[in-house]
Ligand SMILES: [Zn+2]
């Protein structure tokens, strides 16, 4: 089992090395270029002017033979209404996407983001929350959940607790939306605290970590300060 796991990791690393993108020498300008591309793509999507075909056999063939060169790592929610490639209007192979309910940062998610940053050299990481997030709502409402879901909720709970601490914020009519924002900020913090690879890359300006929230009604992505 150990050998298989190590072999898999080695294969992943070799894949990455064989396909090192130019972004291997990423700097702040590379982060900005990626962010600009996502902002522009979201604007196209919002206004019904998406330019990327959903079915693109040539592009699929290209990525199969040439490898992946993503411009950003996205940690987003599993919610079916927020597929990153569509809301940012990006082609196959342009986004390294991690999706999990509540866009939480468990070990697997952090490790996946490390792969995106360290091996694929994406100069940008986006923690992407969204309005009306069911996982955040369940946490905010102390919902009784079955199976393993309470474990997942425990990863969101500190963000909800933080939202509750501030009476001014908690007075907002929509407490869930405040929790969604706090959760994005909290998961960004946990990602950096939980990964030396990513926090070191941030320190030397080879990656920028940003938070964003997608409004599921308008499609607009709001970038957090
Ligand atoms: Zn969600």
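Taken over the stretch 69-93, the residue count meeting the criterion of being surrounded by fewer than 24 Cβ atoms within 10 Å (Cβ to Cβ), in contact (Cβ under 8 Å) with a residue 60 or more places away in the chain and more than 16 Å from the ligand (Cβ to nearest atom) is 0. Whether a residue is within 13 Å of the ligand (Cβ to nearest atom), touching a helix residue (DSSP H, G or I) at 6+ places or on another chain (Cβ under 7 Å) and at pLDDT 95 or above was assessed, and residue 160 does not pass this test. Number of residues in the stretch 40-68 that are surrounded by 14 or more Cβ atoms within 10 Å (Cβ to Cβ) and in a helix (DSSP H, G or I): the value is 9.
On the given criteria, is residue 132 free of Cβ contacts under 8 Å to residues at least 60 places away in the same chain and in contact with a helix residue (DSSP H, G or I) (Cβ under 8 Å, 6 or more places away or on another chain)? Against the criterion (free of Cβ contacts under 8 Å to residues at least 60 places away in the same chain and in contact with a helix residue (DSSP H, G or I) (Cβ under 8 Å, 6 or more places away or on another chain)), residue 132 does not qualify.
Is it the case that the stretch 107-120 has a residue that's within 16 Å of the ligand (Cβ to nearest atom), closer than 30 Å to residue 64 by Cβ and surrounded by 18 or more Cβ atoms within 10 Å (Cβ to Cβ)? Yes, the stretch 107-120 contains a residue that is within 16 Å of the ligand (Cβ to nearest atom), closer than 30 Å to residue 64 by Cβ and surrounded by 18 or more Cβ atoms within 10 Å (Cβ to Cβ). Filter the stretch 130-143 down to residues that are surrounded by 22 or more Cβ atoms within 10 Å (Cβ to Cβ) and more than 7 Å from the ligand (Cβ to nearest atom) and give me whichever is nearest to residue 191 (Cα to Cα). Restricting to residues being surrounded by 22 or more Cβ atoms within 10 Å (Cβ to Cβ) and more than 7 Å from the ligand (Cβ to nearest atom), the top hit is 139.
The values are calculated or read from the model by the stated rules, or taken from the named source; none is laboratory data. Fair warning: this is a prediction, and the values are worked out from it, not measured in the lab. Every residue, glycine among them, receives a Cβ derived from its backbone with ideal geometry; neighbour counts consider all protein chains shown.
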